[in-house]
Amino acid sequence: MSEWSVGTPKRILVYRSGALGDTIVAVPAINAIRRQFPDATLVLMTASEGDEVVWADVVLREFGTIAAFLTYRREDLLNPSRLLRLLARVRAHRIDLVVHLSSDENSALRRGRDRLFFACAGIRRFVGCPSKKVTFYGRRRRDRVTYPSEVWRMVNELHRHGIGDGTVRFDLPIQARHVARVDALLAEAGLDPGRPLVGLCPGSKQPAKRWPLDRYGEMGRRLIDEAGANVAIVGGSAEAEAGRLIGEAWKCGRWVNLAERLNVLESAEALRRCVLYVGNDTGAMHIAAAVGTQCLGIFAARDVVGAWYPFGDNHTVIRKDVSCQNCFLTVCEREKLRCLTDITVEEAWTACRLMLT
């Protein structure tokens, strides 16, 4: 007998923090919860700092899966009075079950702390998703092994607890208005619809993930001049500016800067139309993978192998093993980003041509 056949939860708190990429990889797990408990009310609890970053609550408000949002700032956890107010807000939702989709860097100790917090809010049932990437106390592992996809980590753990059937379904809710918006922008740009469209994301919110911008400029030029493709720049405000800089040298009428002009589901529709995504390890890459577009991921060696690669089997990842790999740095302070600068345009272009054939 399933543990959910008796006492089916009616109000479920889904805990997941992070930005766009962190949220997209959690969508299959959230969808599994929704399918397992179709009549339950889902409440998302997440950190949201209110800056230009696309946080989890911003993403999932578009999707319509979540009924209510319980957001906080990380500084709230360090202030006793704010923490007590947060506890009261959680208690007010009368939650039956917490599904703790914690980061792959959350230790068992931190999960235990969070479980105690939710217990204080009157919630007895708790499902967590442990990670092998960190020790019990939270020390990051630096071993050179391949880790399972972050998508599978969450989906498999939920399946072990009887939630979902263990399959991955993104099912991004792209609607007619999202299609129309992309149609309008591509028509406005005057791109030849007979040419293949390639999505290109030349930025990342973390400097340690950014392949040099001039190399994306050369990749875009080759995609246009040698592969006969059109190029669509995707991303946020930083990518919009980067796109303007590198696009100045490209042929007019063969590229469009969609960065900062699309919401998440419009971006998904634009990337769905692409034959290829080329770019850094970003939220845009995870969206492209979620809609089935093959990805050429230019990866720094700052994190473990495998966990954050684009989901699926039709992708290519270029990652250089270096002595300082698995540094987990946001800004490279040691080797002048050697893990990325060692990746040449020729190497990326060779991979790109193979994927386009």
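Details
- Put simply, of Arg153, Arg144 the only residue that is charged (D, E, K, R), in contact with a strand residue (DSSP E or B) (Cβ under 8 Å, 6 or more places away or on another chain) and not assigned by TED's automatic domain parsing to the domain that holds Ala289 is Arg144.
- Elements of the type strands (runs of 3 or more DSSP E) sitting completely within segment 1-87 and holding at least 2 residues that are touching a Phe, Trp or Tyr at 6+ places or on another chain (Cβ under 7 Å) and more than 18 Å from Lys205 (Cβ to Cβ): these cover 41-47.
- From Ala300, Ala288, residue being under 23 Å from Val134 (Cβ atoms) and surrounded by 22 or more Cβ atoms within 10 Å (Cβ to Cβ): Ala300
- Only one of Thr146, Thr167 that is in contact with a helix residue (DSSP H, G or I) (Cβ under 8 Å, 6 or more places away or on another chain) and surrounded by fewer than 14 Cβ atoms within 10 Å (Cβ to Cβ): Thr167
- Residues (surrounded by 13 or more Cβ atoms within 10 Å (Cβ to Cβ) and either more than 13 Å from Arg210 (Cβ to Cβ) or not assigned by TED's automatic domain parsing to the domain that holds Pro196 (or both)) located in segment 329-352: Glu335, Arg338, Asp342, Val345, Glu347, Ala348, Trp349, Ala351, Cys352
- Residue within segment 263-280 that is among the polar types (S, T, N, Q), surrounded by fewer than 21 Cβ atoms within 10 Å (Cβ to Cβ) and under 26 Å from Ile30 (Cα atoms) present: yes
- Residues (more than 21 Å from Cys129 (Cα to Cα), at pLDDT 95 or above and in contact with a strand residue (DSSP E or B) (Cβ under 7 Å, 6 or more places away or on another chain)) located in segment 73-99: Leu86, Arg89, His93, Arg94
- Restricting segment 276-288 to residues that are β-branched (Val, Ile, Thr) and closer than 16 Å to Ala348 by Cβ, the residue that is nearest to the chain's Cα centre (by Cα): Thr282
The values are calculated or read from the model by the stated rules, or taken from the named source; none is laboratory data. Keep in mind the model is a prediction, meaning the values are calculated, not measured. Cβ: placed from backbone, ideal geometry, glycine included. Neighbour counts: every protein chain shown.
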